[in-house]
Structure formats: C-alpha cells, structure tokens
1. Given the structure, is A:Arg221 under 30 Å from B:Asn149 (Cβ atoms), away from every other protein chain (no Cβ under 14 Å), open to solvent by 60 Å² or more (accessible area, probe 1.4 Å) and over 18 Å from the mean Cα position of the chain (by Cα)?
2. I'm trying to understand the selection: among the residues of segment B:32-61, which are within 14 Å of chain A (Cβ to nearest Cβ), among the charged types (D, E, K, R) and in a loop (DSSP other than H, G, I, E, B)?
3. For segment B:39-49, what are the residues that are open to solvent by less than 10 Å² (accessible area, probe 1.4 Å) and farther than 12 Å from B:Gly227 by Cβ?
4. Regarding segment B:221-239, can at least one residue be identified that is open to solvent by 10 Å² or more (accessible area, probe 1.4 Å), among the polar types (S, T, N, Q), farther than 26 Å from B:Leu21 by Cα and modelled with pLDDT under 95?
5. Out of all the residues in segment B:78-89, is one or more on the phi < 0 side of the Ramachandran plot, of a type in the set (D, E, K, R) and at the interface with another protein chain (Cβ under 9 Å from one of its Cβ atoms)?
6. For segment A:180-209, give me the residue count where each residue is closer than 19 Å to A:Leu5 by Cα and of a type in the set (Gly, Ala, Ser).
7. Mind listing whichever residues of segment A:125-140 are facing chain B (nearest Cβ under 10 Å) and either open to solvent by 70 Å² or more (accessible area, probe 1.4 Å) or assigned to a helix (DSSP H, G or I) (or both)?
8. In segment B:99-128, what residues are open to solvent by 60 Å² or more (accessible area, probe 1.4 Å) and either away from every other protein chain (no Cβ under 12 Å) or in a loop (DSSP other than H, G, I, E, B) (or both)?
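The values are calculated or read from the model by the stated rules, or taken from the named source; none is laboratory data. Note that this is a predicted model, so its numbers are computed, not measured. Quick reminder, even Gly has a Cβ in these numbers, built from the backbone with ideal geometry, and neighbours come from all protein chains shown. For accessibility, only protein heavy atoms count, side chains too; no ligands or nucleic acids. Shrake-Rupley method; radii C 1.70, N 1.55, O 1.52, S 1.80 Å.
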Amino acid sequence: MLFGLHWDTAHGDLAFAASILPMLLIGMWVTIEASILGFFVALIIGLILSVLKAAPSRLIRWPALAVAEFIRDTPLLVQLFFLYYVLPDYGIVLPAFLTGALALGIQYSAYTAEVYRAGLEAVPHGQHEAARALDLPARRTFTHVVLPQAVPRVVPAMGNYLVSIMKDVPVLSVVTVLEMLNVAKIIGDQTFNYMIPLTMVGGLYMILTIFASALVRFADRKLPKRGIALR
Amino acid sequence: MSEPMIRFDKVEKSFGTFNVLKDLDFEVARGEKVTIIGPSGSGKSTVLRILMTLEDITGGAVYVGGDPLWHEEKGGKLVPASEGHLRQMRTQLGMVFQSFNLFPHMTVLRNLTEAPRVVLGLSKAEAKDRAEELLELVGLTEHAHKFPNQLSGGQQQRVGIARALAMRPKVMLFDEPTSALDPELVGEVLNVIRGLSEEHDLTMLMVTHEMRFAREISDRVCFFDGGKICESGTPEEIFGNPKEERTKQFLHAVLEGD
C-alpha cells in the first residue's frame, strides 16, 4: 500500500500495471513540481550569477566566478547531501522536497548563467551605443533594448536545461523525496516486481520529456522576435 | 555668436599606448557645417565619439555650448563629469552611426518614439506626431509600421537620421553615414543630409569619404592626419588649393577615380 492505494498482484501483469499507475502518476506530479521549481530557481540564481560574474569590481566578480566554478565542478548528489544534512546544523531545516528543488536549481544556475551571458553578449555593441546616444537610462536600455533581443536567443538553450533538470529529479530520491523513481522502487521493494514499475517509469519519463520539449518549441515559436536576427 | 558650439581644448585620447588624438584644438561655430576627412586611423571618428560620450578623453577639455562636457564644476573646481552631467549634456547632441544601429525589435515608429517618450517625457500622441513629421522629412511615411530588417540600407539610415532628430539636438554628428551602403543607396541618404544642411540653427559635424558631397554642403573642411588637424579651410581651399603636402597626397589618392 502506498498513498492509501493498493496494488493488485493477483491478476497478472496488466492488472498489476494498472493498479500501480495511479501511484506512479502521483510520483510523476512530484517530479514535475520539482522540475519546475528547480528550473525557476536556476533561472533566477543564474541571472544573478551572470550579472555578478560580469561586475566591473573584482571584489564582486571573483567570488561569483569561484562560486559558479565550484557549483559546476561538484556533483549534484554532493550538493544535495550538503544542503540536506549540513544546513540543519546551522538551524536551517527545509523539507526534503524544497531542499531537492533548491539543489537542482543551484546546480543548473551555473549553466543558465552561461546561457544568459551568451545571450546578452550576442546583442551588438552598437545597440548599447545607440541607446546611450539617445540618452536612454541604463535600466530602460536593459529592459527595452537588450533583454528583448537576448531572450529569444536564450529560450531554446534554457528549454534544454528544463528537460535536463527533469531527468535529474530521481537523484532527489536519496533524500526521501517521493518522486516517480522512488515510488517505483518502493513498489518493487514491496512486491518483488521491479520490472514492471521501472519500465513504466521509463515510459512515463519519455512521455514527460517529449511533452516538455514540445512545450519549449511552442514557447520559442510564440516569442516576439520580429526583426531580430537569430543565427 | 562669441562662444563656439563645440570646442576641443588640447584634447588627448589614447587607447593603451596608442595616441589617437594629440593635443587637439578644434572649434565648430553655432550652425556651422563641418566635414572631417582623412585616412582611417587618423582619429576622425573618435572626435565624434568623444562628443557623443561614447569615448572619454585622457587629457584636455571639451566644451559643448560653452559648458565642459567631460568635466563639471564642483566647489569652484573642475572635476570629472558624473553620469548625471553627461546625460544632461548629451541631450544637445544626436548621432548617426555608420551601421545604423536601429533597434531591430521595434517598428520604425517605435524607434522614433522610444527616446522622446522616455527621456523627454512626451506623451504617446506628441511623440507620434513628431515621428510622423520626421518620417515625412526623410520620405518614409509609408514605412512607419515596418521593422528595420524590412527596409533597405538607405531607408534604414534615413530612419537613423530621423531617430536622432527626434530628440531635437542642437548638434548632429554623422559618423560615415553612407560607408555601409551599396553605392546606389548613397544618394538618398545624402539628399536627406543635404536638406538638413540648409537649416541655419543646426550645427553639423560629419565624418565622410564622400568628397564631392563634403565639398558641396560644408562651410569648412578639416583634414585629419595622425590625431591632429593637418589642414582646415573652406571646401574651395581644401579641395581647390590644398597647402599641405599630406592633404595633397590624400586628396590625390581618394579622388583618383573621380
């Protein structure tokens, strides 16, 4: 029994599969939530990191570069364990799900920061000069001249990271998050049938990532990018 | 008319160890149309870029309308200009770029109304009226709702001119406005600039390789070489009877085909 639901081991494989599908779907929902939350954390921390990494002052730039390098060079699992087991020693106790999503977001922020940088650098220098010649304030230049030209360039790459994050969610099972793989493993442990739940996880994952990729392509198509030269 | 519109006072500009401008003294009177000619690397574009505050100076002082551009007075002393001072000074100047630098994600109309609305605080209707007037001036009324990449290079540069004019500058800076254009598109841009040159109040400073055009519209032509003004005079003097050997060589080289 899991989530108050029962599996059916008495009427063959199909009946068993049908009986555990609702449980796996509950796990899949957790996977989706963790992906989306992790993705937003990665988008926000990544933007902050990319701005800090480009800061004119070395006092800001160097620590930011060091942090980004550290994040990139250590495994997600190590970071996850660190957040889950070390932070409580300092009085910060987060639910496993939040810790997991945060770890995913932090790990991927190092990558999204690079995507932001590439997107911002792809906006020609002449655009900044024209904005300056017209006396547009720095903030207005960023929000109305630079960002609208940078965002369409970064959406496809960001979308790929959303799919990657999704596929890294099973790592969260080691800190007790009941995402799809963990649910399948528990079912296997209890019924001694791993074959069917794990196969179903693979199938459900495929459906999930295909759907997510389609969503990214859709968002990319819908973005206002008239006039912007994309390679 | 005592104070010149633009004055360079012993201006130095270096990029690392390379001195682009050396001890440059240079003046443009109010309403004067001045053309700068010279070989590439002679510092002629740098003069415009310093005025537009896209490059700072490493020595000397620049005055626009009598006020120091790169300095401001604080407690009776001249100190390097703050961003606020630069912003205030910049409103007097408009620039047309060699590569147009239009905002590609905005329609022609938005390109023309963005800065007047944000910087000058015009209402949407006022900015639109002004933009439409300018589009008529540059002959692009029917292209208001197109995006820059739907226009030819010549049309884009005319939008660039209109965009700079929309801020009502006292000084217009033209940085090789036709150098990036196909030969058959140069004429339409020059026609617009020619029209502007008939406005008495507008001070114009242009860097160009269009010698015939420079001769036609300029009050004065300056030949730059090695970060200095080598020779300056009326178009007749410079093109008809140059005194300096370097000027003669340069004109001989560029006018060979004419």
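1. Considered against the rule, which asks whether it is under 30 Å from B:Asn149 (Cβ atoms), away from every other protein chain (no Cβ under 14 Å), open to solvent by 60 Å² or more (accessible area, probe 1.4 Å) and over 18 Å from the mean Cα position of the chain (by Cα), A:Arg221 comes out as yes.
2. Residues satisfying the conditions are B:Glu55, B:Asp56.
3. B:Leu48 - this is the single residue of segment B:39-49 that is open to solvent by less than 10 Å² (accessible area, probe 1.4 Å) and farther than 12 Å from B:Gly227 by Cβ.
4. Checked segment B:221-239: no residue is open to solvent by 10 Å² or more (accessible area, probe 1.4 Å), among the polar types (S, T, N, Q), farther than 26 Å from B:Leu21 by Cα and modelled with pLDDT under 95.
5. There is at least one residue in segment B:78-89 that is on the phi < 0 side of the Ramachandran plot, of a type in the set (D, E, K, R) and at the interface with another protein chain (Cβ under 9 Å from one of its Cβ atoms).
6. Of the residues in that region, 2 qualify.
7. A:His125, A:Gly126, A:Gln127, A:His128, A:Glu129, A:Ala130, A:Ala131, A:Arg132, A:Ala133, A:Ala138, A:Arg140
8. B:Ser99, B:Leu120, B:Lys124, B:Ala125, B:Glu126, B:Lys128
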